[in-house]
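Scroll down for the structure; my scribbles are underneath it.
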């Protein structure tokens, strides 16, 4: 699979990594601006623009990355459920009276 095609399939991971990198860059630029500014008013503007925007971009990037990981887990769970259903159907067609069921998610402690 080509790099561009893989990046398009994993758009949320690529976007999350890009937002984290941009957020870190904004935070570093804000720190550099604060250290170079001599007036408190100038330091506050760097703190507000660089700090808050940088933290927002870091949070957004982390959220995108987490959603990609959750999507992968859901895909694995769907695959496992399909495998259990196929096994149950195979056993039922063979005349074996075995009931396979997964526990209800509301009964499982988190």
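Points worth noting:
- Test: residue in the range 40-59 that is surrounded by fewer than 11 Cβ atoms within 10 Å (Cβ to Cβ) and modelled with pLDDT under 90: yes
- Of all residues in the range 1-25 being closer than 13 Å to residue 59 by Cα and surrounded by 16 or more Cβ atoms within 10 Å (Cβ to Cβ), the one that is nearest to the chain's Cα centre (by Cα): 16
- Residue, modelled with the lowest pLDDT, within the range 1-22, restricted to residues that are touching a helix residue (DSSP H, G or I) at 6+ places or on another chain (Cβ under 6 Å) and under 22 Å from residue 71 (Cβ atoms): 7
The values are calculated or read from the model by the stated rules, or taken from the named source; none is laboratory data. Keep in mind the model is a prediction, meaning the values are calculated, not measured. Don't worry about glycine lacking a Cβ; one is built from the backbone with ideal geometry, like all the others, and counts go over all protein chains shown.
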